[in-house]
Amino acid sequence: MSEPLVLGIETSCDETAVGIVKGRRLLANVIASSVDEHARFGGVVPEVASRAHLEAMQPSIERALNESGVKLEDLDGISVTAGPGLVGALLVGVSAANALALALDKPLYGVNHLASHVAVDLLTHDKKFRPSIALLVSGGHSSILKVTDLTSDIQSLGQTVDDAAGEAFDKIARLMKLGFPGGPIIDREAREGDREAIKFPRGLSQPKDMLEQPFDFSFSGLKTAVSRYLVATPDYKRADVAASFQEAVVDVLLMKSIKACVDTGIDSLIVAGGVAANSRLRELAAERCASAGIEVRTPPPSLCTDNGAMVAALGSLAISSGRAPSALGIAATSDTPPTQPLWL
Ligand code: KG4
Ligand code: ZN
């Protein structure tokens, strides 16, 4: 099948998201977020997320069908995020997808949330996918992946040894009492700030680290340094702290991603996941990749944070690549590695 029509469901965290794609064309992308319900707790509360998914699931499916003009019976398959994520939240999406696949007698594809963050790249251009390095940076994960085939061959070159990049943004925003989620707020604050104002540490980037753990990240030292700075400097400039912190994160993310491209001889970099919406990361990625002769692709910000389109895109690719569907009744798993793109 050349352009499979797929409905994708995403409920791994606080977004109830439903996307519909036909091959590499995006037809609908509906997102209902429960983020406001979590904001006063300073982070996502799993039980609150699960209940919100239950309420939003059916209306979101209906809206996606209405927006795209697609009828359920026309679908070639259903795909769903089966992990990693919050198990209670994942279960709502997986149950809905299982029920749809069973009732409609359509194939079901359980897909990996991390692989689908990268697969959303397919929706933004029409060139044939070629082996790429992916910098995957979200609220729960930070990895450098070697992606040879999005449905069957993803290798992990390195990952964070402590916090995820998005988690670091969220924690620093909390320390500065800026709100949740912190990434977009710090991004905005940083625009008015001086990124050279404070020299914050770049984790695991010393010559010895670049030899022993060239593709691993660590953000805990940076978090401690920012926290100490805030205590020692009561009249700190918010924008300068935001800009200098953001620069420390973005600098090390790109230093390691470009090294991965150079070391593997792959001249294509995909920057994906919620943190890929960061304006400075996008700007510096374009600059540094241009000077290194690497083609860089960053999905539009609305497709970087969690969405159903990315899930549908990976499901559609699985069908057109002739991959076997998942068994009905697949379970959700909380800590699936990015190297397992599809469920059997
Ligand atoms: O991929 P995502 O939507 O959910 C997970 O799979 O975790 O990523 C959410 C993360 C949050 O930590 C949020 O603060 C971060 O992405 N984020 C950003 C920006 N927009 C979202 N981080 C930095 N700059 C942004 N503009
Ligand atoms: Zn995500």
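Every number in this text was worked out from the coordinates using simple rules, so none of it is lab data. Predicted model, so just to flag it, every value in this text is computed and none were measured. Cβ sites come from the backbone with ideal geometry, for glycine too, and all protein chains shown count toward neighbours.
Arrange V21, V48 by Cβ neighbour counts within 10 Å, fewest through most, would you? Don't skip to the answer; put the middle values down first.
Values: V21 31, V48 15.
Ranking V21, V48 by Cβ neighbours within 10 Å, fewest first, gives V48, V21.
Which order do the peptides 128-136, 314-322 take when ranked by the mean count of other beta-carbon atoms within 10 Å per residue, highest first?
Values: 128-136: 20.8, 314-322: 23.3.
Ranked by mean Cβ neighbours within 10 Å, highest first: 314-322, 128-136.
At a threshold of 8 angstrom on Cα-Cα distance, excluding pairs fewer than six apart, so keeping six or more, what relative contact order does region 179-272 reach in percent?
So the answer I get is 40 percent.
Rule-of-thumb check for region 114-204: C-alpha Rg over 2.2 N^0.38 Å?
Ratio of Rg to 2.2 N^0.38 Å for region 114-204: 1.32.
With labels modelled as points extended 7 Å from the Cα through the Cβ direction, what inter-label distance (nm, one decimal) is found for A99 paired with S302?
Placing both labels 7 Å beyond Cα along the Cβ direction yields 2.8 nm.
With a cap of 15 neighbouring Cβ atoms within 10 Å, and only residues DSSP puts in a loop, list the GluC sites (Glu not before Pro) found in region 183-227.
Values: sites: E189, E192, E196, E212; in loops: E192, E196.
Of the GluC sites (Glu not before Pro), the ones in loops of region 183-227 whose Cβ has at most 15 other Cβ atoms within 10 Å are E192, E196.
Please arrange I78, I31 by how many other C-beta atoms lie within 10 Å of their C-beta, fewest to most.
Fewest-to-most ranking of I78, I31: I31, I78.
Need the full-extension length gain, Y236 to A324, defined as separation in residues times 0.36 nm minus the C-alpha distance. One decimal, nm.
26.1 nm
Kindly give Rg over Rh for region 1-88, based on alpha-carbon atoms, with the Kirkwood expression for the hydrodynamic radius. Don't skip to the end; give the middle numbers.
Numbers: Rg = 14.0 Å, Rh = 13.6 Å.
Expressed as Rg/Rh, it is 1.03.
For the chain, what mean projected area does the convex hull of the alpha carbons give, in nm²? Before the final figure, lay out each step's value.
Details: hull surface 65.8 nm².
Computed as one quarter of the Cα hull surface, the answer is 16.4 nm².
Suppose every K and R has +1 on its Cβ and every D and E has -1 on its Cβ; what is the size of the dipole of the chain about the Cα centre, in Debye to the nearest 20?
Charge dipole, the chain, about its Cα centre: 440 debye, nearest 20.
Based solely on its DSSP helices, what 222 nm [θ] is calculated for the chain when runs of n ≥ 4 H residues each add -39,500 (n - 2.57) and the sum is averaged over all residues, nearest 500 deg cm²/dmol?
Roughly -13500 deg cm²/dmol at 222 nm, from the helical runs in the chain.
Identify, among P4, Q58, A164, the residue whose Cα sits farthest towards the positive end of the charge dipole of the chain, taking +1 on the Cβ of Lys and Arg and -1 on the Cβ of Asp and Glu, with the dipole about the Cα centre.
A164
By per-residue mean of other Cβ atoms within 10 Å, what is the highest-first order of 293-301, 141-149, 38-46?
So the order, starting with the most tightly packed, is 141-149, 293-301, 38-46.
For M210, M57, what's the fewest-to-most ordering of other Cβ within 10 Å of each Cβ?
Starting with the residue having the fewest Cβ neighbours, the order is M210, M57.
Under 25 Å between alpha carbons, and skipping anything fewer than 8 positions from K177 in its own chain: which lysines qualify?
Within the straight-line limit of under 25 Å, K177 reaches these lysines: K199, K223, K237.
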